[in-house]
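This report refers to the structure that appears directly beneath it.
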Amino acid sequence: MQKLGKNHGGYHGDTIDIRAVLRDVQASAQAHGWFPEIFHEAGGFKWLALRHSSPVTRHPSRIYISTGIHGDEPAGPLAALKLVHENRWPKNAEIYLLPCLNPAGFTLNQRGNANDIDLNRDYRNPKSAEIRAHIAWLERQPKFDLYLCLHEDWESHGFYLYEQNPDSKTSLAEQIVEAVQRVCPIDPSQTIEDRPAKNGIIRPNIKLHERPDWPEAFYLITHKSRLGYTLEAPSDFPLLTRVSALVAGVNAVLAGAPISESAC
Ligand SMILES: [Zn+2]
C-alpha cells in the first residue's frame, strides 16, 4: 500500500462532518444501551462521554478510550463510530468512550481548538475550558485498568503506538501491531518523533515532571491508569485504512484486556 502523497506541511486528506458523525455515534450508542453524559457545552458543540457496562460482571475491567482531540485527525471519531456501531465489547469490561474532545477543531480541519490551542498539551495546568471540563469529568470516574488515546500522524510512514507501562505489566503492544498490520502498514522507522522505535512500538522514557505541556496520556498515567497506549494511524494513507487500523488496535486490546485489579 502506497502513501497518497497529499500531506505537505500538514494534513490535506479527507475531512468529516463532525456534527453528523457525533449524531450517528450518539444514536448508535443509544440503540446499544450506552449511558451518555454531556460534560461540556460551548460554541454550539456538546462534549459527549459514553459508558457501556456489562450486566453480568461485578468486577469489570475498566477501559477508557478517547479520540478527536486533534481536529485534523478524522479517523479517530470515525473509529469510535465504527466501534459503537459494531457493538462487540467483552462481557467482562466497562468501556468509557469519549468520541471527540475537540469538535470545533474538526470544523476548521486544524489540530488546535477554536482558539488554535493544542488541547493535547493542556493537561498539566489547563487553560482551555474544554480540558478543564474533561479533567473534572475524569476526576468523577473510577480508575481505569487501561487507557487508549486514538490519534493520527500526517508525517508517519505507517501505524505506530506509544506504550506507557511504568509497572511493567503484561504488554499488549505486540498484539496491537500484529492485529493492525493485517489492515494497515506499520511504520518501520527506527526513530519516530525523535524517539527510538521498533516495529512501530515506542516505549518512551518519560520524565513527566520535567514537561510543562502534558498531553492527555500523561494525565491519565499519572492519575487514572497504570497502563495505556496512544495509537497513531498514518494520515497520508486512505481514510478507511486508518479507521480500520484504529479499530483493529482497539479490538486487539479488548481481546487481551487486563483483569481488573479489584477482582484480584
Ligand atoms: Zn493527534
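The values are calculated or read from the model by the stated rules, or taken from the named source; none is laboratory data. For clarity, every value in this text was computed on a predicted model and none was experimentally measured. As a convention, Cβ positions derive from the backbone with ideal geometry for all residues, glycine included, and neighbour counts pool all protein chains shown. To get the accessible areas, we keep the full protein, side chains included, count just its heavy atoms, and leave off ligands, DNA and RNA. Shrake-Rupley method; radii C 1.70, N 1.55, O 1.52, S 1.80 Å.
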**OP:** Quick one: in the range 166-221, of everything that is of a type in the set (Ser, Thr, Tyr) and out of contact with any Lys or Arg (no Cβ under 8 Å at 6 or more places or on another chain), which residue is farthest from residue 125 (Cα to Cα)?
**Re:** 189
Subject >> Selection within the range 155-176 - part of a loop (DSSP other than H, G, I, E, B) and either within 16 Å of the chain's Cα centre (by Cα) or among the basic types (Lys, Arg) (or both) >> reply: 169, 172
**OP:** Could you grab me the full set of residues in the range 127-151 that are more than 25 Å from residue 165 (Cβ to Cβ) and in a loop (DSSP other than H, G, I, E, B)?
**Re:** 127, 128, 140
Original post:
residue 164 passes all but one of (1) touching a residue at least 24 places away in the same chain (Cβ under 8 Å); (2) of a type outside the set (Phe, Trp, Tyr); (3) within 16 Å of the ligand (Cβ to nearest atom); (4) surrounded by fewer than 20 Cβ atoms within 10 Å (Cβ to Cβ); which number fails?
Top reply: (4)
Original post:
What tally of residues in the range 21-45 results from selecting those that are surrounded by 13 or more Cβ atoms within 10 Å (Cβ to Cβ), within 20 Å of residue 120 (Cβ to Cβ) and not β-branched (Val, Ile, Thr)?
Top reply: 5
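Residue by residue, here is whether (1) within 16 Å of the ligand (Cβ to nearest atom); (2) buried (at least 18 other Cβ atoms within 10 Å of the Cβ); (3) without any contact (Cβ under 8 Å) to a residue 12 or more places away in the chain; (4) among the aliphatic types (A, V, I, L, M) holds:
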residue	(1), (2), (3), (4)
74	yes, yes, no, no
77	yes, yes, no, no
95	no, yes, no, yes
99	yes, yes, no, no
129	no, no, no, yes
Original post:
Tell me, which residue of the range 50-72 that is surrounded by fewer than 24 Cβ atoms within 10 Å (Cβ to Cβ) and of a type in the set (D, E, K, R) is farthest from the ligand (Cβ to nearest atom)?
Top reply: 58
Original post:
In the range 177-200, what residues are closer than 24 Å to residue 6 by Cβ, open to solvent by 80 Å² or more (accessible area, probe 1.4 Å) and in a strand (DSSP E or B)?
Top reply: 191
**OP:** Working only within the range 229-249, note down all residues that are within 16 Å of the ligand (Cβ to nearest atom) and assigned to a helix (DSSP H, G or I).
**Re:** 239, 242, 243, 245, 246, 249
Subject >> Filtered residues of the range 79-91 (kept if in contact with a helix residue (DSSP H, G or I) (Cβ under 9 Å, 6 or more places away or on another chain), open to solvent by 60 Å² or more (accessible area, probe 1.4 Å) and modelled with pLDDT under 95) >> reply: 88
**OP:** Filter the range 12-35 down to residues that are under 18 Å from the mean Cα position of the chain (by Cα) and not polar (S, T, N, Q), then give me how many there are.
**Re:** 6
Subject >> Index of the failed condition, residue 15 passing every other in (1) surrounded by 16 or more Cβ atoms within 10 Å (Cβ to Cβ); (2) within 16 Å of the ligand (Cβ to nearest atom); (3) farther than 18 Å from residue 133 by Cβ >> reply: (1)
**OP:** Kindly check whether there is at least one residue in the range 107-116 that is crowded, with 22+ Cβ neighbours inside 10 Å and not in a loop (DSSP other than H, G, I, E, B).
**Re:** no
**OP:** Look at the range 2-60 and say how many of its residues are at positive phi and out of contact with any helix residue (DSSP H, G or I) (no Cβ under 7 Å at 6 or more places or on another chain).
**Re:** 5
